[in-house]
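Structure first, then comments.
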Amino acid sequence: MKIRVALYGNTHNNLYQMAKLLREELGADAHLFLPKRNRIQNRPESHDPKLKDDYPDWFHVGAYNSPLAQYLPMFSPLIKDVEDFDYIVLSQKGPALAPYLKPKTFFYVTGTDLTRTPFYGRCWRWYKSFPAKLLSLVRTFWQRRGLRHVDEIWGQPYGPMIDTIQDLGLSTYNRQKYFPLILEQIRPSCQGIEPLVSELQRDWDFLVFNPSQLLIEDSPDMVATGAWKNNLVLLHGFARFMKQTGAKRAALMVVERRNNHREQTARKRFRQVAQELGISDNLIFLPPPKSQDVFTRAQVHCLYEISDVIGDDFGVGGIGSIDIETLSMAKPLVSNVGEEFMQEVYGDHPVIDVREPEEIADGLTRLYKDSDYRFKVGQKGRAWYKKHHSPQGARRRYIENLEFLRSGGAKSSNGAKNSN
C-alpha cells in the first residue's frame, strides 16, 4: 500500500516540486493542496504554464485560507480533506493547523513563516492598515501555538532561523533536513516589457541589477527575521565602482513594486542617497507594466538576461531564489551569502561574497574590466547550480531526506502531537 503524503503551503512552488519527486522517485501517493486565493508565484502554473486550467487529479483547491480559516483554523476544510493521509508537509501559515490534523506533521520552513509570523511585535509592525495588523496578531497566536504541535521542523541552518527556534524553545528542529530549492531551466520572456529592454540595451554598456525588495531598515525586528537586505550598501559600492573606473555607461537597476508602502519610503531614500553620491543619472527604477503591480517571473528573468551582474542581499546574508536564478543563468552574483552557512550546506560556492562598499566596488570593477573573468564566474555559477539546485542535482538530497517516509521510519501520529 502506498504511503499517502499531503502538502500545503506552496511557497514559490517548492512543495509542488517536492510532491512531484515523492510521486516519481519514491512511489508515494502525494497530493498538493492549494487555496483558492493564491498569489501567482505560489501557483504551479507560474512554474509550468501547461498546468493553467488543467490541474491533475492530485491537485486540490479549496477555501483553505478563507477569513474563517485564518481566524479560526479549527474550521479549515483542509483538516477533513487530509484526514486519510499518513503525513502532511506544511509551510507558510500551515503550522497553525497542526493541533487539529490527524496525519503526522512536518513544517517545511521557508523563511518568515518561522522568523516573523510567530512574533506579535514583528507581525504588527509589518502591516500598515489596522485590519491587517489585527489579522496578523490572530495569525501569530495560531502559528505560535501550532508550532508546538508540529512533529518535526525542517529548515536550513541559517542564523535567523536557528535563533528563532531557540527563542521559541522548540525541540523538534531537524538540522539535517535541508531541502535545496529545485529550479528547472528558466525561460525568460520579455513580453510586455520589450520597449524597456530595448531602451536599457541601447543606453547602457554595463548593467548591475538588484531585483530584491528595497528593505533598508536595520531595526532589530528586520534583522532578526532575515528580511533586512541593506540595499543601500550596494548603492554606495556602485558609486565607488564608478569613481574607480570612470565608467559612464554603467547603471544600477532596481525593481519598482507598486502598492508597497515600505518600498515607497525606501525608494525616496535611495534617490536621495544617489543624488548625494552624484550618481542619480545612473540609478534606474524599473516600473512594471501599467496593468501589473509587479513584474512576472518571466519578465524578471528577461531582466536577468540583459544584465551583466546581479547584486542581491547585503544584510543578514544567506542564499535564496534570486541567487539560484542568477547562477542558473550564468550571471555573476555579488551578494553576502555567509561563508560559514555555505560551507556547512554545500562545501563550496561561486558567489562573490561581499558585504562592504569597498568590497562591492572591487568586485564590480574586476567584472567590468575583465570580460573573460566575468564569463568564467558566470559559467562556474551555472555548473554549481546544476550540481545543487537543478532537478537532477537536487534529487539526491531530497531522496535521502524523504526516504524514511517510504521505509516507514515515521508512523502516523493519529492526532497525538508532541508537547515541546
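Laid out as a table, the results:
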{"quantity": "Cross-chain or 6+ apart pairs with Cβ under 7 Å, segment 134-157 first and closer than 18 Å to ASN65 by Cβ, then polar (S, T, N, Q) and not in a helix (DSSP H, G or I)", "calculated": "ARG139/THR117; THR140/THR117; GLN143/THR117"}
{"quantity": "Tally of residues being in contact with a strand residue (DSSP E or B) (Cβ under 6 Å, 6 or more places away or on another chain) and assigned to a strand (DSSP E or B) across segment 9-40", "calculated": "6"}
{"quantity": "Segment 182-195, residues that are surrounded by fewer than 20 Cβ atoms within 10 Å (Cβ to Cβ) and in contact (Cβ under 8 Å) with a residue 60 or more places away in the chain", "calculated": "GLU184, GLN185, ILE186, ARG187, PRO188, SER189, CYS190, GLN191, GLY192"}
{"quantity": "Where SER171 falls short, out of the listed (1) buried (at least 22 other Cβ atoms within 10 Å of the Cβ); (2) farther than 29 Å from ASP48 by Cβ; (3) hydroxyl-bearing (Ser, Thr, Tyr)", "calculated": "(1)"}
{"quantity": "Wholly within segment 60-122, helices (runs of 4 or more DSSP H) carrying at least 2 residues that are more than 20 Å from the chain's Cα centre (by Cα)", "calculated": "67-71, 78-81"}
{"quantity": "Residue among ALA96, ALA19 that alone is under 19 Å from ILE153 (Cα atoms) and either touching a helix residue (DSSP H, G or I) at 6+ places or on another chain (Cβ under 8 Å) or assigned by TED's automatic domain parsing to the domain that holds GLY226 (or both)", "calculated": "ALA96"}
{"quantity": "Test: ILE360 is part of a strand (DSSP E or B) and either surrounded by 17 or more Cβ atoms within 10 Å (Cβ to Cβ) or among the hydroxyl-bearing types (Ser, Thr, Tyr) (or both)", "calculated": "no"}
{"quantity": "Residues located in segment 162-206, provided they are more than 20 Å from the chain's Cα centre (by Cα), in a helix (DSSP H, G or I) and within 30 Å of ARG396 (Cα to Cα)", "calculated": "GLN166"}
{"quantity": "Extreme residue, farthest from PHE206 (Cα to Cα), among residues of segment 277-288 that are within 23 Å of the chain's Cα centre (by Cα) and not aromatic (Phe, Trp, Tyr)", "calculated": "PRO288"}
{"quantity": "Close pairs (9 angstrom Cβ cut-off, 6 or more residues apart or separate chains): among the β-branched types (Val, Ile, Thr) and surrounded by 15 or more Cβ atoms within 10 Å (Cβ to Cβ) in segment 110-131, outside any helix (DSSP H, G or I) and at pLDDT 90 or above anywhere", "calculated": "THR110/GLY9; THR110/SER91; THR110/GLN92; THR115/VAL109; THR117/GLN92; THR117/LYS93"}
{"quantity": "Test: residue in segment 241-252 that is outside any helix (DSSP H, G or I), free of Cβ contacts under 8 Å to residues at least 60 places away in the same chain, surrounded by 17 or more Cβ atoms within 10 Å (Cβ to Cβ) and on the phi < 0 side of the Ramachandran plot", "calculated": "yes"}
{"quantity": "Near pairs, Cβ below 6 angstrom, 6+ apart or cross-chain, from segment 63-91 (free of Cβ contacts under 8 Å to residues at least 12 places away in the same chain) to any residue that is surrounded by 17 or more Cβ atoms within 10 Å (Cβ to Cβ)", "calculated": "ALA69/SER76"}
{"quantity": "Residue list for segment 365-381, restricted to those being hydroxyl-bearing (Ser, Thr, Tyr) and out of contact with any strand residue (DSSP E or B) (no Cβ under 7 Å at 6 or more places or on another chain)", "calculated": "THR365, SER371, TYR373"}
{"quantity": "Meets criteria (in a helix (DSSP H, G or I), free of Cβ contacts under 8 Å to residues at least 60 places away in the same chain and either of a type in the set (A, V, I, L, M, F, W, C) or assigned by TED's automatic domain parsing to the domain that holds LEU207 (or both)) for LEU235", "calculated": "yes"}
{"quantity": "Check on SER76, modelled with pLDDT under 95, among the small types (Gly, Ala, Ser) and touching a strand residue (DSSP E or B) at 6+ places or on another chain (Cβ under 9 Å)", "calculated": "no"}
{"quantity": "Scan of segment 85-125 for residues that are modelled with pLDDT of 95 or more, in contact with an Asp or Glu (Cβ under 7 Å, 6 or more places away or on another chain) and farther than 13 Å from TYR8 by Cβ, ordered by number", "calculated": "LYS102, LYS104"}
{"quantity": "Single residue of ALA298, ALA361, ALA330 found to be of a type in the set (A, V, I, L, M, F, W, C), under 21 Å from ALA250 (Cα atoms) and either in contact (Cβ under 8 Å) with a residue 60 or more places away in the chain or not assigned by TED's automatic domain parsing to the domain that holds ALA250 (or both)", "calculated": "ALA361"}
{"quantity": "Filtered residue count, segment 394-403, keeping only those that are surrounded by fewer than 18 Cβ atoms within 10 Å (Cβ to Cβ) and either free of Cβ contacts under 8 Å to residues at least 12 places away in the same chain or of a type in the set (Ser, Thr, Tyr) (or both)", "calculated": "2"}
{"quantity": "Matching option when the condition is in contact with a helix residue (DSSP H, G or I) (Cβ under 6 Å, 6 or more places away or on another chain) and either of a type in the set (Val, Ile, Thr) or in the same structural domain as LEU286 (by TED's automatic domain parsing) (or both), among THR172, THR105", "calculated": "THR105"}
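The values are calculated or read from the model by the stated rules, or taken from the named source; none is laboratory data. All values derive from a computational prediction rather than experimental measurement. Please note: Cβ atoms are built from the backbone with ideal geometry, for glycine as well, and neighbour counts cover all protein chains shown.
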